[in-house]
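The next block holds one structure in the form of structure tokens; read it before the comments.
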Amino acid sequence: MTSRARKAGLAVVAATMAFAGTFYGVMTSASADVTAQLSGPQLVADMGAGWNLGNQLEASNNGIPSETAWGNPVITQALIDRVRASGFKTIRIPVSYLGNIGAGPSYTVNTAWLNRIKEVVDYAYNRGLYVLINMHGDGYKTVTGSWLICDAADQTTIRDKYQKVWQQVATKFQGYNDHLIFESMNENFDGQYGNPTQPCYSNINAYNQIFVDTVRRTGGTNAARWLLVPGWNTNIDHTVGSGFVIPTDQYRSSTIPAAEQRLMISVHYYDPWDFAGQEDGTITQWGANATNPAKKSVWGQEDFMDGQMKKMRDTFVTRGYPFFVGEYGSIDKTTYDSASNRYRVDYARTLAATAKKYGGATAYWDNGWNGQHGFGLFNRSSNTVTQQGIIDAIMTGVGTSVPSSPPSSPSSSPSVSPSSSPSSGARPCRVTNAVNAWNTGLTNSVTITNTGTTAINGWSLVFTLAAGQTIVGGWSATYTPSSGTVTATNASYNGSLAPGGSATIGYQATHTGNSAAPTGFALNGTTCS
């Protein structure tokens, strides 16, 4: 989103990698050579459903960032646990720096602010989630203290400041694995919604190039991590055309296969705006299920959405660059139309599924506001779900299974023996697979759901690989042996499964022609459905 007013008011592994002991979700050493790497298609599949922690670390008051400035409570581990338990695997954390940047020439970022950013990142990262952080409010003319302005006169100073800030941020997170992704900026443009102007667009391209070069040169894992870059105002039409230039990546790690990219393209999607964001009751319905033509926009329906996502595939994915719809969603208009949430559900499900079809990952925009004109999916004060229907739709769209009932917060779950199972005798677990195969390789994303009535504290999942398959790397669990009957053991952050809760793990394997999903799943010795 583009300003406080709008936002608050709308209130995996490389095949050449050694197998033993390698798994995602635990911080690796600072060496890029030991960082697990996913190709573009593998990354998109593994990121799953995404969610924005909006109107928090990018919020500000009189030019000073403050996570409570726009009415949301202090971010807690319990909130992130609730988001994760609801099925989300990726969290985008918008961040502003503004008055927390010191004077030049060093432009030192306030230490306490950097530490708070790290603390919030760790809430998600240490739970095995993908985390994206960006530079958000610094590029908006409407935000007090903004400075990353593409049509400002002194571009030399702006570029120097931008480079110095990203150098500090990248260094702070140098040792984090590829579950952390940096995004260069947010919706940067000159403030008018017509066609892109010059030299503004050239300056945006220059910012992206400075960002990529700066992050790569800090070394460590940053030399190989995925980086996210937007075009003009994250607008799809002005990114596939109108002057966007993909940065060169000359300083990237030599461990990245030559034929692969490590840059993603960032876009946002709020079309049609009269349905998605306009704060009135004129347009409250969307899609083929709409029942009142007068309440449905004359454009921006399923066919338009499909065409926009296809443009991203044809322009970028075919060249090895996945895309990320870093914001999408629609506001609550149930005060005008009691059935409006039905169409919000359709919109979210269709966008998530369509982006996935064309090679993109997604993150729903949640500004923390529930009720009229809000985007909220969760109550951040009570850490409860407020829009289960939209969450279920997102999970359906990306192909992620959802607990049949809202799971308990992991922090309040009772601890039981790993071998515990429901007294009813029903199978205490459900396992689903999502295999993505190519010539002689595959990835499999495995979701384990506790369908019992008591929590599981520590688990081992046993399964049998198809003949000819050998695991070459994995994430969110340890795997032994690499072929035949394999035991996957939980990582430090995902061993507790509340009733209805789930964990998603995965691996990359080679195969000799048989890419079938594994069979014979048993959790802690009990067969799973």
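The values are calculated or read from the model by the stated rules, or taken from the named source; none is laboratory data. Note that the coordinates shown come from a computational prediction; the quantities given were computed from them, not determined experimentally. Please note: Cβ atoms are built from the backbone with ideal geometry, for glycine as well, and neighbour counts cover all protein chains shown. Note: accessible area is taken over every heavy atom of the protein model, side chains too, but ligands, DNA and RNA are not part of it. Shrake-Rupley method; radii C 1.70, N 1.55, O 1.52, S 1.80 Å.
Of note:
- Residue in the range 197-218 that is of a type in the set (Ser, Thr, Tyr), crowded, with 23+ Cβ neighbours inside 10 Å and in a loop (DSSP other than H, G, I, E, B) present: no
- Residues in the range 351-374 that are more than 17 Å from Asp332 (Cα to Cα) and assigned to a loop (DSSP other than H, G, I, E, B) were compared, and the one that is farthest from the chain's Cα centre (by Cα) is Tyr358.
- Selected residue (criterion: farthest from Lys89 (Cα to Cα)) from residues of the range 321-351 that are out of contact with any Phe, Trp or Tyr (no Cβ under 8 Å at 6 or more places or on another chain) and of a type in the set (Gly, Ala, Ser): Ser338
- The numbered conditions (1) at pLDDT 90 or above; (2) touching a Leu at 6+ places or on another chain (Cβ under 9 Å); (3) of a type in the set (S, T, N, Q) are all true for Asn436 except (1).
- Look at the range 283-307: where a residue is over 15 Å from Thr334 (Cα atoms) and a partner is exposed (fewer than 12 other Cβ atoms within 10 Å of the Cβ) and not hydroxyl-bearing (Ser, Thr, Tyr), sitting 6+ places away or on another chain with Cβ atoms under 7 Å, you get Glu302/Ala288.
- Qualifying residue in the range 186-208 (condition: touching a His at 6+ places or on another chain (Cβ under 8 Å) and within 19 Å of Gly137 (Cβ to Cβ)): yes
- The number of residues in the range 232-263 being at pLDDT 95 or above, among the aliphatic types (A, V, I, L, M) and open to solvent by 20 Å² or more (accessible area, probe 1.4 Å) comes to 3.
- Against the conditions (1) modelled with pLDDT under 95; (2) assigned to a strand (DSSP E or B), Val229 satisfies every one except (1).
- The residue that is most open to solvent (accessible area, probe 1.4 Å), counting only those in the range 433-456 that are more than 16 Å from Met47 (Cα to Cα) and among the polar types (S, T, N, Q), is Asn439.
- The range 108-124, subset open to solvent by 40 Å² or more (accessible area, probe 1.4 Å) and assigned to a helix (DSSP H, G or I), residue farthest from Arg82 (Cα to Cα): Thr111
- Filtered by the rule that a residue be more than 17 Å from Gly48 (Cβ to Cβ) and open to solvent by 10 Å² or more (accessible area, probe 1.4 Å), the range 499-517 gives Pro499, Gly500, Thr510, His511, Thr512, Gly513, Asn514, Ser515, Ala516, Ala517.
- Of the residues examined, Thr464 is one that is more than 27 Å from the chain's Cα centre (by Cα) and among the hydroxyl-bearing types (Ser, Thr, Tyr).
- Close pairs from the range 70-87: first closer than 15 Å to Leu57 by Cβ and open to solvent by 10 Å² or more (accessible area, probe 1.4 Å), partner of a type in the set (A, V, I, L, M, F, W, C) and at pLDDT 95 or above, Cβ under 7 Å, at least 6 apart: Trp70/Ala59
- Failed item in (1) surrounded by 22 or more Cβ atoms within 10 Å (Cβ to Cβ); (2) in contact with a helix residue (DSSP H, G or I) (Cβ under 7 Å, 6 or more places away or on another chain); (3) not in a helix (DSSP H, G or I); (4) not acidic (Asp, Glu), with Thr334 passing the rest: (1)
- Here Arg344 does not fit the description of being surrounded by fewer than 22 Cβ atoms within 10 Å (Cβ to Cβ), more than 15 Å from the chain's Cα centre (by Cα) and closer than 15 Å to Asp271 by Cα.
- Test: residue in the range 231-242 that is among the hydroxyl-bearing types (Ser, Thr, Tyr) and under 19 Å from Met1 (Cα atoms): yes
- Filter result for Arg313 (more than 19 Å from Leu43 (Cβ to Cβ), open to solvent by 40 Å² or more (accessible area, probe 1.4 Å), assigned to a helix (DSSP H, G or I) and at pLDDT 95 or above): no
- Extreme residue, farthest from Ala85 (Cα to Cα), among residues of the range 494-529 that are small (Gly, Ala, Ser) and part of a strand (DSSP E or B): Ala509
- Residue satisfying all of: in the range 500-527; touching a Pro at 6+ places or on another chain (Cβ under 8 Å) and modelled with pLDDT of 85 or more; farthest from Trp459 (Cα to Cα) among these: Thr526
- In the range 88-101, the residues that are touching a helix residue (DSSP H, G or I) at 6+ places or on another chain (Cβ under 8 Å), open to solvent by less than 10 Å² (accessible area, probe 1.4 Å) and not in a loop (DSSP other than H, G, I, E, B): Thr90, Ile91, Ile93, Leu98
- Each residue in the range 133-154 was checked for being within 22 Å of Leu227 (Cβ to Cβ) and either among the small types (Gly, Ala, Ser) or assigned to a helix (DSSP H, G or I) (or both), and 3 pass.
- Taking the numbered list (1) part of a loop (DSSP other than H, G, I, E, B); (2) at pLDDT 95 or above; (3) of a type in the set (Gly, Ala, Ser) in turn, Ser29 passes all entries but (2).
- Complete set of residues in the range 347-369 that are touching an Asp or Glu at 6+ places or on another chain (Cβ under 9 Å) and open to solvent by 10 Å² or more (accessible area, probe 1.4 Å): Arg349, Thr350, Thr354, Lys357, Tyr358, Trp369
- Flag if Ser297 is touching a strand residue (DSSP E or B) at 6+ places or on another chain (Cβ under 6 Å), polar (S, T, N, Q) and under 20 Å from Thr350 (Cα atoms): no
- Those residues of the range 254-290 which are assigned to a loop (DSSP other than H, G, I, E, B), small (Gly, Ala, Ser), more than 20 Å from Gln372 (Cα to Cα) and in contact with an Asp or Glu (Cβ under 7 Å, 6 or more places away or on another chain), in sequence order: Gly287, Ala288
- The set of residues in the range 371-393 being farther than 19 Å from Gly48 by Cβ and open to solvent by 50 Å² or more (accessible area, probe 1.4 Å) consists of Gln372, Asn379, Ser381, Ser382, Thr384, Thr386.
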